[in-house]
Amino acid sequence: MEKIKNLADLRKMKDNLQNKIDLREKSDSPEAIVQIKVGMATSGIASGAKEVMNYMIEELDKRNIKGLVLQVGDMGYCYAEPTIEVTRPGESPVVFGYVDIAKANEIIEKYIKNGELLDGILPANYESIK
Amino acid sequence: MTEIKVKVKLKEQDIKAIKEICATFDNEPGNLINCLQKIQEHFGYLPAEVQEVVAANMGVSVAKVYGVVTFYSFFTMKPKGQHPISCCTGTACYVRGAEKVLEEFKKELKIAVGETTEDGKFSLSCLRCVGACGLAPVVMIGDKTYGRVAPEKVAEIIAEFN
Amino acid sequence: MKNVSLTQFQLNKMALIDIKINGKEVKAEAGSTILEAAHTVGIEIPTLCYMNLHDVGIKNNPGGCRVCVVEVVGRKNLAPACVTEIMPGMEIKTNTIKVINARKTVLELILSDHPFDCLICAKNGKCQLQKLAQDCGVREIHFPGEQSTYKPDFSPSIIRNMDKCIMCRRCETMCNKVQTCGVLSGINRGFTAVVAPAFEQDLVDSPCTFCGQCLAVCPVGALTEVDNTPKVIRALADPTKTVIVQTAPAVRVALGEEFGLPAGTRVTGKMVAALRSIGFDKVYDTDFAADLTIMEEGTELLDRLTKFLNGDKNVKLPLLTSCCPGWVNFFEHQFPDMRDIPSSAKSPQQMFGAIAKTYMADKLGVKREDLVVVSVMPCVAKKFESQREEFKVNGNPDVDYSISTRELALLIKQTIGDIKDLQDEDFDRLMGESTGAAVIFGNTGGVIEAACRTAYEIFTGKTLEKVEFEQLRGFEGVRAGKIDFNGLEINIGIAHGLGNARKLLEDIREGKSHFHAIEVMACPGGCIGGGGQPLHHGDSSILKARAAAIYEEDESKTIRKSHENKEVQQLYAEFLGKPMSEKAHHLLHTEYFDRKKKTIE
Amino acid sequence: MASYKMHLLVCGGTGCKSSDSMLIVDKLNEELKSHNLVDEAKVVMTGCFGFCEQGPIIKVIPDNTFYTKVKPEDAKEIIEEHVIKGRSVKRLLYVDPKEHARVSDSKHMGFYKKQIRIALRNCGFLDPENIEESIAREAYGALGKVLSEYTPQQTIDKIKKSGLRGRGGGGFPTGLKWELAAKSVAEQKYVICNADEGDPGAFMDRSVLEGDPHSVLEAMAICGYSIGASKGLIYIRAEYPLAIKRLKIAIAQAMEYGLLGKDIMGTGFDFEIELRYGAGAFVCGEETALIHSMEGERGEPTFKPPFPAVSGYLKKPSNVNNVETFACVPVIILKGEEWFSSIGTEKSKGTKVFALAGKINNVGLIEVPMGITLREIIYEIGGGIKNGKKFKAVQTGGPSGGCLTEKHLETPIDYDNLIAAGSMMGSGGMIVMDEDDCMVQIAKFFLEFTVEESCGKCSPCRIGNKRLHEILTKITEGKGTMEDLELLKSLSNVIKDTALCGLGQTSPNPVLSTLNNFWDEYLEHVVEGKCRAGQCTALKKYIIDPEKCIGCTACARACPVNAIEGDKKMPHEIKQELCIKCGSCYEKCKFNAISIK
């Protein structure tokens, strides 16, 4: 192990190690960042929810967006799977249906980044699973 | 009054072991307590003869070593049982009935606190708070911790070791 | 060797600061404690555990007894006066109801854990706890309860009755800091805490030297000497026994204190009269044997010196004196590897005993078994010494009973009441004559000064113009002197207090010692400060008065050199031949033992 | 590096570890492996979550699902349900004691809602055996900042301004303490961490050391820089093997990374840390006793002054702080002294960790802002009294503290208010008592502790506490008198005024405090011979109801001392003077004819 030679070294190291605990840091104060819940019940997985979830995790990281991707069970929208629920800090959750990779990209760019509403929003008549 | 009647004849290798432990602490009187702990780890207890060797090596009087040994409750001059039983009598355990548990152990093993059963299998002691207050009352047997011990469970626990 | 801490202490005390005690403005030395500051204005705060040995530079002030607590304005609890340093502007109250009540309660607590056998306690009337209880008006103990009990310990010299211990730790300080014997330590904790040897073993099984400094400072009856007076009284009453007594030099300058005379009063003649009046058949002087010791030890020194000067590489130097039984016990326990260095000469007490039970028994026409030799010593280690196996013949000891100065006072009180009004009498002859050299054995440096007086004259063949070797006198713990033996410079070392002796022994072991001869006395001050003397409670002015009296007694003697003692000369002529003769060797010399515990090697 | 979508945090504190949490870690890892999920989810053993009552604990990140009382055999279900399917395992969720409903995640648990975690910020969050996780969480960032940006005096000023006070009991201002040590001139000085947590029922220091050792090491180095010491010593109880192990690992890792040792971060500052073991003596929590113990002596306190800041370890200037105090320091440096002093009350800043135990639903370790009320702690965080019993008192401050009662429920808790209420902060033990606890017995319990732990050096503590204990015993045995109550009070006050050290001076507090708050209960014992909690056996009275007794003689036969008389088929009677209150008759009677009064 190379010794840490100065404060800058330490700070660099901290930044490099950040991802080790990033997930924990973010979930410690989820209300301050965008939360994305992905419905991952059996039917969701079958319709590609897992791919969407992985895509979301990677892309948020790449695009430097502080967000938390959570996996939840059945969201009650079997007809529209895969479904994701996005909660921007301080706003009400919004649920999107039929999310594929392209849609996910759009959600990130438009809704998550700028709050622009887009197609595919499902009516809010469900009970969110905590 | 402490009754000390355990007479030990130290073997050559025991004395060597003590000397080596003392040497790892540079025979420095300031390290007496750390040193005694290591030696107790080695022998299980600190009989008079061991203390004499320690004193000679650390360059302090035997009386001083004995003064230190009798001051700290961690040190013992009697061999502990094969399975040392420690009942936590910290406040949290106390208010959750540790005393009754202790009584039960005394009754079951027919020994008092600080004693060892005749067959050398169990010894009984009290300690103050192992920090598992959530599990009160707590009993430790060797390294194993038993939580929420009810007096009725005592016989069962002892039976595990028989 | 100057004591550094003492000088610093004095330096700190230069500045004066303003404080208030009981409403009175007072100027006191910065760095002093409340206790000391109050004392300077005549306010005495009672203490119990506190002990200040100015001359040794050692204080015992654990702040443990809490008897000396006082109020300090602005402080939420009471302050122990013995350890609290004064601060500028400090306002101290020693007389409030809070203080008085706290002190009384603390005393009650101490008494509640103390046996109530005051009337039959060895310390009755001399107990500091008893005095405090009286002074503070304790009339009732509100907190009766369990008392701590310990195994009593009877040794030939010292009795430990720890039920009476109040944990002042003075004995521990004497044993460890002053004497460095390491026998005693605080053990256990809480209510069962007490001072004891390792494993609560008996003193005889410990490295105890029986110097008695512990019991000399014990404020209560926890540590006392073995009382041999009943045995002496029984012997005196036995018509078949001839009972003779020898008295050590330091006794005659301290005994008077037990009868209310000022410290340093010489009561030699009254003491002799008292002993005779009590019923001893003969009253002799240990000083006679001290002169004899000088003959033997002095000869041994000259012998070793001569060999050394002749290039003998095996000769052991420095020669160490061997008069002090505490010191002998000390090196047997702590430095057994060096036990061939001390002089093989027995102590005066034992030389007296050996001669008394042979030469004198014949002169008196008494069988050895019917002759009882009693010694009066300033010492409790002498009791142990007299019971050593090597000092017995067929189980019959050369000295049957050794009693301390305090016990002699007790014996006198039991039999004839007082000494003050007795007419002076002189010692019986033939073991009663002594020189000034023998008298000064009682002071630190005295033995070696006496040896020098004789060795010088024998070695140089010249007569000393001035017998006083001032450079060997004094109270410093370790002293050094150079004596010119006709061009040959003899280096003399002196230590009193076993801690100081330890330093010199360590130097010898490391080959750093340049001394030719060293005198060691176990007790600070020498025998005048012995463990068997009237209690001085650390007051060095008492010791100084006794020391001065010893030197006065020396000056009052016409003969002041041991080899000029006519009776000693007669003894050699009639019985022993010459110093270090075979007979002398047999009767007057001894050997030493390794008492270090073997399990450790 | 794999980018995990899930972390499973398993509590590795002593409490949970003793309920097999290690085995749970192994099982979880096995399951992950067999489901090919090792790249997606990671199991981390962390320090204590504080919620010891319900251990072992697993917290699932990112959804903060909080599983309680997990058993090794639950691992399979957690992986298959939660990790794979995203469904929480309902039966393992925490049940709210008031609502009786399962709570989905820690964010919704009353236990955590009111807490602010500063000293415990990393406990239950990081793997304490991995320095990289700590560094990721800014460990040693404060040290680096101090070394490169502040002078020692500036650092001290920051601590002073933060208002941090000693968390070990006395509440002495930490910055001031550092300043005193800094002002002493000496070639060698020492930083000492007091980890000899001896208060029965307090275990926060152990949790910090087990869960976040680096924050303590870092703070000690910061202190070393501030006072001019290059050497640190941690005096830790030998009974804390896990904490010792983790400290050793942490010290080795910090040395390896160059965050301790010579020339730290290239600033020329050297700092090394050694461990010293305590051997079981409560009094060694007192700093002078602690120092003597570190020197290999009996742990007997000595009079202050001289303070350790002037003459401490090996007679060199030493600064002694406890674990929790140190744990606050790096945060103060990083987040600023204003931030810290914005939390808490006027004279007590920041937070305090309490070990909540006794007759309360949520036993555990909590960290709350100073000024929180007792009611909030007991009813919101603690979830109320166990088994719906009635709250009686909280004992704070351990053997040196006292009791708070119902009338103190709204008192904001800080150093000064606790003292005003006749108790003290102490190290932060909080033992909750209900109507079944006899307050005389509680006072006796603490005195028994003090008697056992008194070093024996000074007479008031050595003998005085023994006498207090004897009088209390007398009262619990029904032999107390009114005079005894007076004696208790006057003796307690003298001990307070005259004892040598902090332990002795505060030892009568449990007596004085119960006398003040529960005078009626004492009176009942003495005057009426009654113990309302039914804990004083000698005061129990077994009485046979002649109406119900049919004279079956079962009780008389069961009585070991033949205290029951009566003819067959006639009502029996218990001779009270013979009765030893063993309760045998009570158990034997089939007709409910025997009652206890």
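Before moving on, here are some points about what is shown:
- Scanning region C:484-533 for residues that are under 22 Å from the mean Cα position of the chain (by Cα) and part of a helix (DSSP H, G or I) yields C:LEU498, C:GLY499, C:ASN500, C:ALA501, C:ARG502, C:LYS503, C:LEU504, C:LEU505, C:CYS527, C:ILE528, C:GLY529.
- Qualifying positions in region D:73-82 - at the interface with another protein chain (Cβ under 9 Å from one of its Cβ atoms) and surrounded by 21 or more Cβ atoms within 10 Å (Cβ to Cβ): D:HIS82
- Evaluation of D:LYS496 against the conditions (1) of a type outside the set (Ser, Thr, Tyr); (2) free of Cβ contacts under 8 Å to residues at least 60 places away in the same chain; (3) buried (at least 23 other Cβ atoms within 10 Å of the Cβ) shows that the sole unmet condition is (3).
- All conditions but one from (1) under 18 Å from the mean Cα position of the chain (by Cα); (2) outside any loop (DSSP other than H, G, I, E, B); (3) farther than 24 Å from C:TRP327 by Cα apply to C:ILE159; the one that does not is (3).
- All conditions but one from (1) within 15 Å of the chain's Cα centre (by Cα); (2) without any contact (Cβ under 8 Å) to a residue 24 or more places away in the chain apply to B:CYS88; the one that does not is (2).
- Wholly enclosed helices (runs of 4 or more DSSP H) of region C:347-391 bearing at least 2 residues within 14 Å of C:LYS241 (Cβ to Cβ): C:361-364
- Among the residues of region A:51-71, the one identified as among the basic types (Lys, Arg) and within 12 Å of another protein chain (Cβ to nearest Cβ) is A:LYS62.
Here is a yes/no grid of residues against (1) touching a helix residue (DSSP H, G or I) at 6+ places or on another chain (Cβ under 7 Å); (2) free of Cβ contacts under 8 Å to residues at least 60 places away in the same chain:
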position	(1), (2)
D:GLY47	yes, no
D:PHE66	yes, yes
D:GLU81	no, yes
D:LYS98	no, no
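- Within region C:448-470, the set of residues being surrounded by fewer than 17 Cβ atoms within 10 Å (Cβ to Cβ) and of a type in the set (Ser, Thr, Tyr) comprises C:THR460, C:THR463.
- Scope region B:103-152; condition surrounded by fewer than 22 Cβ atoms within 10 Å (Cβ to Cβ), basic (Lys, Arg) and either at pLDDT 90 or above or assigned to a loop (DSSP other than H, G, I, E, B) (or both); matching residues: B:LYS106, B:LYS107, B:LYS110, B:LYS121, B:ARG148
- Under the condition of being among the small types (Gly, Ala, Ser) and more than 9 Å from every other protein chain (Cβ to nearest Cβ), the residues counted in region B:118-162 number 7.
- Residues located in region B:71-101, provided they are part of a helix (DSSP H, G or I) and surrounded by 24 or more Cβ atoms within 10 Å (Cβ to Cβ): B:PHE71, B:THR91, B:ALA92, B:CYS93, B:TYR94, B:VAL95, B:VAL101
- When C:PHE199, C:PHE143, C:PHE210, C:PHE116 are checked against the criterion of being hydrophobic (A, V, I, L, M, F, W, C), free of Cβ contacts under 8 Å to residues at least 24 places away in the same chain and assigned to a loop (DSSP other than H, G, I, E, B), C:PHE116 stands alone in meeting it.
- Of all residues in region A:27-41, those that are facing another protein chain (nearest Cβ under 8 Å) have Cβ atoms under 6 Å from Cβ atoms of residues that are assigned to a strand (DSSP E or B) and polar (S, T, N, Q), 6 or more apart or on another chain, in A:VAL38/A:GLN71; A:MET40/A:GLN71.
- Residue match in region C:346-358 (condition: surrounded by fewer than 24 Cβ atoms within 10 Å (Cβ to Cβ) and farther than 21 Å from C:LYS282 by Cβ): no
- Candidates D:GLU470, D:GLU452, D:GLU477, D:GLU483: the one that is surrounded by fewer than 24 Cβ atoms within 10 Å (Cβ to Cβ), more than 9 Å from chain C (Cβ to nearest Cβ) and either farther than 14 Å from C:PHE143 by Cβ or not aliphatic (A, V, I, L, M) (or both) is D:GLU477.
- Residue selected from region D:198-248 under the condition within 14 Å of chain B (Cβ to nearest Cβ), among the acidic types (Asp, Glu) and part of a loop (DSSP other than H, G, I, E, B), by the criterion surrounded by the fewest Cβ atoms within 10 Å (Cβ to Cβ): D:GLU239
- Within region C:281-300, being in contact with a His (Cβ under 8 Å, 6 or more places away or on another chain) and among the hydrophobic types (A, V, I, L, M, F, W, C) holds for C:ILE294, C:MET295.
- Neighbours by Cβ (under 8 Å, 6+ apart or cross-chain): first from region D:511-531, touching a residue at least 12 places away in the same chain (Cβ under 8 Å) and under 17 Å from D:GLU406 (Cα atoms); second among the aromatic types (Phe, Trp, Tyr) and surrounded by 19 or more Cβ atoms within 10 Å (Cβ to Cβ): D:THR514/D:TYR522; D:LEU515/D:TYR522
- Residues of region D:88-119 satisfying the condition of being surrounded by fewer than 17 Cβ atoms within 10 Å (Cβ to Cβ) and under 15 Å from D:PRO62 (Cα atoms): D:HIS108
- Selection over region D:303-314 of residues that are away from chain B (no Cβ under 12 Å) and either in contact (Cβ under 8 Å) with a residue 60 or more places away in the chain or basic (Lys, Arg) (or both) gives a count of 7.
- Some residue of region D:366-374 being touching an Asp or Glu at 6+ places or on another chain (Cβ under 8 Å), under 24 Å from D:SER207 (Cα atoms), within 14 Å of chain B (Cβ to nearest Cβ) and modelled with pLDDT under 95: no
- Answer from C:VAL272, C:VAL253, C:VAL245 - the residue that is crowded, with 24+ Cβ neighbours inside 10 Å, of a type outside the set (Ser, Thr, Tyr), assigned to a loop (DSSP other than H, G, I, E, B) and at pLDDT 95 or above: C:VAL253
- Between D:GLY280, D:GLY258, D:GLY296, D:GLY268, the distinction of being small (Gly, Ala, Ser), within 14 Å of chain A (Cβ to nearest Cβ), part of a loop (DSSP other than H, G, I, E, B) and surrounded by 18 or more Cβ atoms within 10 Å (Cβ to Cβ) belongs to D:GLY258 only.
- Across region C:392-447, the qualifying residues are those that are on the phi > 0 side of the Ramachandran plot and more than 21 Å from the chain's Cα centre (by Cα), and the one among them that is surrounded by the most Cβ atoms within 10 Å (Cβ to Cβ) is C:LEU430.
- Some residue of region D:54-72 being within 9 Å of another protein chain (Cβ to nearest Cβ), within 20 Å of the chain's Cα centre (by Cα) and not charged (D, E, K, R): yes
- Positions within region B:49-70 being in a loop (DSSP other than H, G, I, E, B), more than 7 Å from every other protein chain (Cβ to nearest Cβ) and under 26 Å from D:SER454 (Cβ atoms), in sequence order: B:VAL60
The values are calculated or read from the model by the stated rules, or taken from the named source; none is laboratory data. What you see is a predicted model; the values in this text were computed from it and never measured. Every residue, glycine as well, gets a Cβ built from its backbone with ideal geometry; the counts of neighbours run over all protein chains shown.
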